[in-house]
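Quick notes on the structure that follows.
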Amino acid sequence: MGYTEAQKEATARYNKKAYDRIDVIVPKGKREVIKNFARKQGKSTNRFINEAIDKAMTEKEDA
């Protein structure tokens, strides 16, 4: 059974309520580099970026 239109709409409503979006602009080609790097570590691009942000913020607080 496929992903229905109602499921897509419900997911979109949930995501809009539960998450904020941040658009990151990178030079042409860097998106693929980041994606491949994250994949090699067994992570999604989103997870990799979120963890990198959390790490940088934690390190700055500890300094």
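What 222 nm value per residue comes from the helices of the chain, counting each DSSP H run with n ≥ 4 as -39,500 (n - 2.57) and dividing by all residues, nearest 500 deg cm²/dmol?
-22000 deg cm²/dmol
Within the chain, which is the longest segment that contains none of the trypsin sites (Lys or Arg not before Pro) sitting in a DSSP loop with at most 10 other Cβ atoms within 10 Å?
My reading of the result: 29-63 is the longest stretch.
Of the chymotrypsin sites (Phe, Trp or Tyr not before Pro) in the chain, which ones lie in a loop per DSSP and count no more than 12 other C-beta atoms within 10 Å?
Those satisfying the criteria are Tyr3, Tyr19.
Can you give me the % of accessible surface on the chain that is carbon or sulfur? Probe 1.4 Å, all protein chains present, nothing else counted.
54
The values are calculated or read from the model by the stated rules, or taken from the named source; none is laboratory data. All figures in this text were calculated on a predicted structure; none of them were measured in a lab. Positions of Cβ are generated from backbone atoms using ideal geometry, with glycine treated the same way; all protein chains shown enter the neighbour counts. Note: areas computed on protein heavy atoms with side chains; ligands, DNA, RNA excluded. Shrake-Rupley method; radii C 1.70, N 1.55, O 1.52, S 1.80 Å.
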